[in-house]
Amino acid sequence: MDTWNITELAEFSSIQKAKKGLCKTKWFNTVLVCLETGLEIPSRPEPYDVCFYVIDGHGTITVGAEEVDVARGSMVFAPANIARGIKSRNRLTILGIQQPH
């Protein structure tokens, strides 16, 4: 069994996103995404489904033409091949649960 302490793993950079792979299986991948206030991951399509679960912070997640404000406890699904992006308004920690790729 593997366990992770997300609080201890969270790392932030004032100039770029911090993305860390946590677990990769044949059924899913999990990644930890940490965005300092004001940073963003520009919207672009990716070839896999993903659920974003907001662990802490505030921001906006864009999926296709839709934007949703997110905060702790929010979860957003983004299907494969649809543009998605993330913008942090207040230091944002997100767990991404992805289709394996």
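The table below lists the values:
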read-out: Single match in F12, F77 (criterion: touching a Cys at 6+ places or on another chain (Cβ under 7 Å), assigned to a loop (DSSP other than H, G, I, E, B) and not hydroxyl-bearing (S, T, Y)); value: F12
read-out: Single residue of the stretch 35-54 satisfying the filter (touching a Lys or Arg at 6+ places or on another chain (Cβ under 7 Å) and assigned to a strand (DSSP E or B)) that is nearest to G85 (Cα to Cα); value: S43
read-out: Residue within the stretch 11-22 that is among the acidic types (D, E) and exposed (fewer than 12 other Cβ atoms within 10 Å of the Cβ) present; value: yes
read-out: Condition check for A78: out of contact with any Gly (no Cβ under 8 Å at 6 or more places or on another chain) and modelled with pLDDT under 95; value: no
read-out: Condition check for V33: touching a Gly at 6+ places or on another chain (Cβ under 8 Å), surrounded by 17 or more Cβ atoms within 10 Å (Cβ to Cβ) and without any contact (Cβ under 8 Å) to a residue 60 or more places away in the chain; value: no
read-out: Residues being more than 12 Å from the chain's Cα centre (by Cα) and hydroxyl-bearing (S, T, Y) - total across the stretch 80-97; value: 0
read-out: Members of the stretch 69-83 that are surrounded by fewer than 12 Cβ atoms within 10 Å (Cβ to Cβ) and more than 16 Å from P45 (Cβ to Cβ); value: D69, G73
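The values are calculated or read from the model by the stated rules, or taken from the named source; none is laboratory data. Fair warning: this is a prediction, and the values are worked out from it, not measured in the lab. So basically every Cβ, Gly included, is an ideal-geometry build from the backbone, and we count neighbours across all protein chains shown.
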